[in-house]
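Here's the structure we're looking at; comments come further down.
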Amino acid sequence: MSDGSRRILSALIAGHGRTFAEEAGIRLRNTPQPLYRTLVMSCLLSARIRGSVALATTRALYEAGLRDPRRMARAPWQERVDALGRGGYRRYDERTATQLGEGAELLLDRWGGDPRRMREAADGDLDELRSLLRELPGLGPAGVDIFLREVQQVWPEVAPHLDAKALQGAARLGLPEEPGRLLELAGDTGPAVLAAALVRAALDRSVVDDCLRQAHGTGPGTRHST
C-alpha cells in the first residue's frame, strides 16, 4: 500500500505540485505586498466561482495597480469593479469590490497595511490568527483555510496545514487521510505544495484519474475506483 500511495502522490505532485499563489503570479515571501495579494486571492477563491477565474482576477487586480492595501483603499469603487470584470469575476464583482475596499481600510487602520502584524498579534495561536483573519470582509472559514494553506510556506508555525479540502483530495486518490502520514509519503515536498496538489484532486476528477493512470501504468481508457 505504501509503495502504491507513494506512486500516486508522486504523480500528483509532478503534475499539480505548485501553490495557488504561484499560479496567480505571486512570489510569496514574508513581506507585506505578496501576503496582501495572497489574502485577496484567498477571498476570490473562496467564492462559488471557478478557480481559474479567481486566479486570473488576482492577476488582473495586480495589473490594474491594486497590489497593496493603500492602493486598493484609494481606488474608486468602479475601478475595482472594472478590474474584477477584466479578470472574469463578474458574478460577484460589485459586492467583492466593496469587500476589497473595506478590507484594505481595515488592514490600514488596524494593522498598518501589514498582514504580518496579525501574525505577531496571534503569537503562534492558530485559533487567534483565524479569528483575526475572519475580521476581514469577505474572508470566511474557507478563505482563511486557503490563506493558511498558502502562507505555511513562509509562516512555519502554521505548518503542516492540510485542511478538510486537502484531506478530501487524499481520500479521492485512495491515500491516507492523516496529515502526518501524507507528509511522510510526500518526502521532501513542502506542506504548502502538498496541500495545493491535494486540493486540486478534490476539485477536479480528471486530476484523480490522470494520477491513478500514471501511478498504475494504465492507458487512458482504464477506470479506477476511489
Selection status of A47, of a type in the set (G, A, S), outside any loop (DSSP other than H, G, I, E, B) and under 26 Å from M118 (Cα atoms): no
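For (1) closer than 25 Å to T38 by Cα; (2) outside any loop (DSSP other than H, G, I, E, B), each residue gets a yes or a no:
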position	(1), (2)
F147	yes, yes
V154	yes, no
E157	yes, yes
R181	no, yes
L185	no, yes
A197	yes, yes
Conditions (1) more than 17 Å from the chain's Cα centre (by Cα); (2) in a loop (DSSP other than H, G, I, E, B); (3) under 28 Å from R172 (Cα atoms): number failed by S10: (2)
Residue in the stretch 58-71 that is within 24 Å of R110 (Cβ to Cβ), hydrophobic (A, V, I, L, M, F, W, C) and in a loop (DSSP other than H, G, I, E, B) present: yes
Which listed residue, of A104, A97, is in contact (Cβ under 8 Å) with a residue 24 or more places away in the chain and in a helix (DSSP H, G or I): A104
Any pair with Cβ under 9 angstrom, 6 or more apart, that starts in the stretch 50-63 at a residue that is without any contact (Cβ under 8 Å) to a residue 24 or more places away in the chain and open to solvent by less than 10 Å² (accessible area, probe 1.4 Å) and ends at one that is part of a helix (DSSP H, G or I) and not aromatic (F, W, Y): none
Given (1) open to solvent by 30 Å² or more (accessible area, probe 1.4 Å); (2) within 15 Å of the chain's Cα centre (by Cα); (3) within 15 Å of A11 (Cα to Cα), number of the condition A195 does not satisfy: (1)
Any hit, the stretch 100-109, residues being more than 28 Å from R48 (Cβ to Cβ) and either over 14 Å from the mean Cα position of the chain (by Cα) or surrounded by fewer than 21 Cβ atoms within 10 Å (Cβ to Cβ) (or both): yes
Among the candidates G138, G124, residue that is open to solvent by 20 Å² or more (accessible area, probe 1.4 Å), in contact with a Cys (Cβ under 6 Å, 6 or more places away or on another chain), not hydroxyl-bearing (S, T, Y) and not in a helix (DSSP H, G or I): G138
Filtered residue count, the stretch 72-91, keeping only those that are touching a residue at least 24 places away in the same chain (Cβ under 8 Å), within 30 Å of A202 (Cα to Cα) and not in a helix (DSSP H, G or I): 4
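The values are calculated or read from the model by the stated rules, or taken from the named source; none is laboratory data. If you're wondering where the values come from, they're calculated on a predicted model, not measured in any experiment. Using ideal geometry, Cβ is built from the backbone for each residue, glycine included, and neighbour counts are taken over all protein chains shown. Areas reflect the complete protein model, heavy atoms only, side chains present, ligands, DNA and RNA absent. Shrake-Rupley method; radii C 1.70, N 1.55, O 1.52, S 1.80 Å.
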